[in-house]
Amino acid sequence: MGPATGSQRRFPSGAEYAEALQHTQLCFHHPELKGARPELTGLGLPRPISGAFASVFSLTSPTSGRRYAVKCFTRHVPDQERRYEAISSRLALLDPAELSQPWNLGFEYLPDAISVGRERYPVLKMEWAEAVTLSSWLDDNHTDRTAVDRLADRFEELTRDLASHQIAHGDLQHGNLLVASDDTLRLVDYDGMYVPALAGLGGTERGHRNYQSPLRGNDDFGVDLDRFSAWVIFLSLKAIASEPALWSRLHEPSGEFLLLTEDDFTSPAGSARLQTLLTHPDRMVSGLADQVRTLACQPLDMLPPLTLAVPRQRAAATVITDTSAQSGAAAPSTGGLPGWMAGHVASAAPPTQPAAPSVAPPDRFQVRTPLDVAVAVVWPLMLAVAVLALVVGLATAPFGPAAPVLAAAAFSVFGRARRTERAQTRAVLSGLTAELDQLDDPVKAEAKLRKDRAKFDAAEAKRTADHPRAQSKLTASHQVELQQIEKRRIRKRHELDKKIAGLSAERGRALRTALAARQSAYVRDRLGRQLIARNPPYGIGPKLAARLAAAGVRTAADFTGYRTVQNAHYNSVGAQLVLSNGRRIDVQGIGETKAIALDVWRRELVAAAEAGQPTALTAQERQSIDQGIEVRRARLATELRSVDAAAEASRTKAKQELEDGRARLTRENALAGERARRQRQEFSRRAVTLQQNSARHAALSSAAEAAEAHRRRLSLVSYLKFLYTGR
């Protein structure tokens, strides 16, 4: 029974595969896997290594004795066979001599390789690597700083190999990086691998969450897939090489990460782990941590590859130094890169942090001017005038003694207004206000971004769901069309087969019809030779024979019988002769009696003629009929063949339409995925810009509040105090 195909196909679970693998002699047909010995658990069952959509079993071949990792899929993967063929072909072209280490493991995709129940499913057969996972190796070797640092360099060389061949693994993490006994790396799990032949297809997975950029989406699939995870792993290894105690401090036993987790990337400000690395005294460690923090908020296609950020010739022979000898924290970075990377990355500048205005307005008066001196002199004079006015009795004059005081106050206001400190404060405050007016409200901008992202995510969810439905609908329509083509073919074949089967009966009918025609012609000929005038029936004289001849009845062949008629005029029964063409005639002198005599005479002649008529066709007549039947048989056979040919042509056309439809859907989905990827990048840029603008808005608001406070401190009272105290 053939397996079901398509996106709706159900795959067995890991437990169902384990049950089937108890009898490898039955479930496999592949010669190296048939009868293979699986690695067993303590309960005697095949031991699975379960993943996101597959279970891996270790099997030892009974023929070669080689050990293989056999991956059994637990869910459908779009274009699975096409992907593995492309990956296998690309990896097969790699020259081992050109690789930094033998990280490439050979594998073979086997469709319909394993039977589970009544159906067959594909498996992936890969060479078994005698190695341990990166996290297990670090458990045992993290105190060996030289070995860890050497492994970090080998990891960097592995990423360099991948990048130089335009390959991306898609899920670099501790479980897919194996360390062999010679401390070289092996790379496993190629399910999400990108090779150039797969350009345009979407990804099948998003990778381990503790190693991936928060901005990685479902549609990201290209040579840049590994860039963020490569930085994370390289940072972890270099940090452990610098300070082995970090493995115990930041890693959790059996934890699904090295030193950093997803939360450290999504919320770096509140990450204690990341803060530990950012403040590490080793400048390389702190610089790498700063780079990872920066890259976490950038789209994948904007990330620098690790191969560009790590120079081939390192400045120092080793990065393993005594942490007590390091001086302070990391040096400030340039353009978002740590100082030790300066000059190695062309364009990896992160979003710059907004700074508060560099020019702060004065909050007090400084050097006195001549005008200030004049104001200081005016006040005592005006006060003296006011006192004098009181003494000499001028209190009743307009404004009285208050007039000099008011004049001094007005002169003071004028003097304060002429101070440069006031102008500087107003200018700074005006500039800050203008900048704030140019910035969008961060709260509204964030709400709009959130709304746009939610709308986009809903549309993407619908598109992602619609694509397989459209493919299924196209396939279902194709199946219906094939069924209609087959029904038409069967119906037409049945009609033609029925006609061919009826040719024998048709031949018999043709022979009988031809014989009957020949016999009828013979009888008509014999009857046509019997003239009534020469051989008159009883009671028919020459005159009556002449009347019959005048009416068209000369021989026995000219009439077929008679019909009696009632003669109402004479109250008697008459007769009408029936001619050979069916017409009835009245002949004078022919009554019922003579009509009967004529009919008896004719019947006797017919009987005599039939007694001598031929009983078979001639050979030539039969041959003519047989030739006609054979011509008809050949024509029907040609029509029968044309029915099959037409059906095959219709199936070919339907298949081409299906392939064209699938290609169209793939192109449309790829284009939509590319548009979605660009939109995600735009959202990421908007988020970064929003973050910058929010910080800038906060800095400007704070500066504006400070400027306003400075402006208030330059009050009239402060000005008068400054006039006499200088402060």
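A few remarks follow.
- Scanning the range 4-24 for residues that are touching a Pro at 6+ places or on another chain (Cβ under 9 Å) and part of a helix (DSSP H, G or I) yields Gly14, Ala15, Tyr17, Ala18, Glu19, Ala20, Leu21, Gln22, Thr24.
- Residues satisfying the stated conditions in the range 248-278, i.e. farther than 21 Å from Gln298 by Cα and among the aromatic types (Phe, Trp, Tyr): Phe257
- Residue list for the range 186-207, restricted to those being closer than 20 Å to Pro304 by Cα and modelled with pLDDT of 85 or more: Met193, Tyr194, Val195, Pro196, Gly207
- Being of a type in the set (Lys, Arg) and open to solvent by less than 50 Å² (accessible area, probe 1.4 Å) is a property that does not hold for Arg583.
- Residue ID - nearest to Ser55 (Cα to Cα), chosen from residues in the range 85-141 that are in a strand (DSSP E or B) and of a type in the set (D, E, K, R): Lys125
- Test: residue in the range 506-515 that is among the small types (Gly, Ala, Ser), farther than 21 Å from Leu579 by Cβ, open to solvent by less than 70 Å² (accessible area, probe 1.4 Å) and free of Cβ contacts under 8 Å to residues at least 60 places away in the same chain: yes
- Among residues of the range 633-652 being among the charged types (D, E, K, R) and without any contact (Cβ under 8 Å) to a residue 60 or more places away in the chain, the one that is nearest to Arg493 (Cα to Cα) is Arg641.
- Among the candidates Asp112, Asp95, Asp79, residue that is on the phi > 0 side of the Ramachandran plot, out of contact with any Pro (no Cβ under 9 Å at 6 or more places or on another chain) and of a type outside the set (Val, Ile, Thr): Asp79
- When Arg680, Arg664, Arg727 are checked against the criterion of being open to solvent by 50 Å² or more (accessible area, probe 1.4 Å) and part of a helix (DSSP H, G or I), Arg664 stands alone in meeting it.
- Checking Arg83, Arg67 one by one, the residue that is open to solvent by 50 Å² or more (accessible area, probe 1.4 Å) and charged (D, E, K, R) is Arg67 and no other.
- Residues located in the range 132-145, provided they are β-branched (Val, Ile, Thr) and closer than 15 Å to Ala239 by Cβ: Thr143
- Residue match in the range 567-574 (condition: in contact with a helix residue (DSSP H, G or I) (Cβ under 7 Å, 6 or more places away or on another chain) and at pLDDT below 90): yes
- Selection status of Val56, open to solvent by less than 80 Å² (accessible area, probe 1.4 Å), of a type in the set (Val, Ile, Thr), under 20 Å from Asp171 (Cα atoms) and assigned to a loop (DSSP other than H, G, I, E, B): no
- Hey, Leu235 within 23 Å of Arg90 (Cβ to Cβ) and in contact (Cβ under 8 Å) with a residue 24 or more places away in the chain or not: no
- Any hit, the range 684-695, residues being open to solvent by less than 80 Å² (accessible area, probe 1.4 Å) and under 24 Å from the mean Cα position of the chain (by Cα): yes
- Filter pass, Glu657 being under 25 Å from Thr475 (Cβ atoms), in contact (Cβ under 8 Å) with a residue 40 or more places away in the chain and open to solvent by 80 Å² or more (accessible area, probe 1.4 Å): yes
- Given (1) under 26 Å from the mean Cα position of the chain (by Cα); (2) under 30 Å from His478 (Cβ atoms); (3) aliphatic (A, V, I, L, M), index of the condition Leu640 fails: (1)
- Answer from Ala163, Ala152, Ala197, Ala239 - the residue that is crowded, with 24+ Cβ neighbours inside 10 Å and in a helix (DSSP H, G or I): Ala239
- Lone qualifier among Leu158, Leu250 - being open to solvent by less than 10 Å² (accessible area, probe 1.4 Å), touching a Leu at 6+ places or on another chain (Cβ under 6 Å), more than 18 Å from Val77 (Cβ to Cβ) and not basic (Lys, Arg): Leu158
- If only residues of the range 583-601 that are within 17 Å of Ala533 (Cβ to Cβ) and not hydrophobic (A, V, I, L, M, F, W, C) are counted, the one that is farthest from the chain's Cα centre (by Cα) is Gly589.
- Of all residues in the range 167-189, at least one satisfies being under 23 Å from the mean Cα position of the chain (by Cα) and of a type in the set (Gly, Ala, Ser).
- When Val717, Val631 are checked against the criterion of being in a helix (DSSP H, G or I), under 30 Å from Arg507 (Cβ atoms) and at pLDDT 80 or above, Val631 stands alone in meeting it.
- Residue count for the range 99-109, restricted to those that are at pLDDT below 90 and either in contact with a His (Cβ under 7 Å, 6 or more places away or on another chain) or open to solvent by 20 Å² or more (accessible area, probe 1.4 Å) (or both): 5
- Odd one out for Gly35, checked against (1) in contact with a helix residue (DSSP H, G or I) (Cβ under 9 Å, 6 or more places away or on another chain); (2) outside any loop (DSSP other than H, G, I, E, B): (2)
- Within the range 537-554, the set of residues being part of a loop (DSSP other than H, G, I, E, B) and either open to solvent by 100 Å² or more (accessible area, probe 1.4 Å) or free of Cβ contacts under 8 Å to residues at least 12 places away in the same chain (or both) comprises Tyr538, Gly541, Arg554.
The values are calculated or read from the model by the stated rules, or taken from the named source; none is laboratory data. Given the structure is predicted, the values throughout are model-derived calculations rather than measurements. Neighbour counts are summed over all protein chains in view; Cβ atoms, including those assigned to glycine, are modelled from backbone coordinates with ideal geometry. Just so you know, the surface numbers come from the protein's heavy atoms only, side chains and all, with ligands and any DNA or RNA stripped out. Shrake-Rupley method; radii C 1.70, N 1.55, O 1.52, S 1.80 Å.
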